[in-house]
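Inspection log for the structure reproduced underneath, given as structure tokens.
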Amino acid sequence: MDIVYHDLSRMHEVKTFIDEWNNSSNYLEVKTSGSTGEPKIHRLTKGFLKKSAERTLSYFNLTSGMKAGLCLSLSTIAGKMMV
């Protein structure tokens, strides 16, 4: 996977998430943004997150080798799903 950083301050955030994804746990704890109320933490399986990411790729017609900008924080589920 090639990662292009236009803002190097995000590098640690992305690396931390990738390390979390690659660890031995079958789950990730993700936080909602709180846009409709108090932010909540959910424990989701990596399999569920992978299927959701595949649907996102399909919706935006993103294929291998394409690049997409990450304008969302990785502190919430929305940003993590784009990585």
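Miscellaneous remarks
- Just one of the numbered conditions (1) touching a Ser or Thr at 6+ places or on another chain (Cβ under 7 Å); (2) part of a helix (DSSP H, G or I); (3) touching a residue at least 24 places away in the same chain (Cβ under 8 Å); (4) of a type outside the set (Phe, Trp, Tyr) is not true of residue 79: (3).
- Of the listed requirements (1) at pLDDT below 85; (2) farther than 20 Å from residue 12 by Cα, residue 69 misses just one: (2).
- Taking the conditions (1) loosely packed, with under 11 Cβ neighbours inside 10 Å; (2) touching a helix residue (DSSP H, G or I) at 6+ places or on another chain (Cβ under 8 Å); (3) part of a helix (DSSP H, G or I) in turn, residue 58 satisfies each one other than (2).
- Tabulated pairs, region 1-17, first at pLDDT 85 or above, second charged (D, E, K, R) and surrounded by 11 or more Cβ atoms within 10 Å (Cβ to Cβ), C-beta under 9 angstrom, 6+ apart or interchain: 17/80
- Residue in region 11-33 that is on the phi > 0 side of the Ramachandran plot, part of a loop (DSSP other than H, G, I, E, B) and exposed (fewer than 14 other Cβ atoms within 10 Å of the Cβ) present: no
The values are calculated or read from the model by the stated rules, or taken from the named source; none is laboratory data. These numbers come from a predicted model, not from an experiment. Note that each Cβ is placed from the backbone with ideal geometry, even for glycine, and that neighbours are counted across all protein chains shown.
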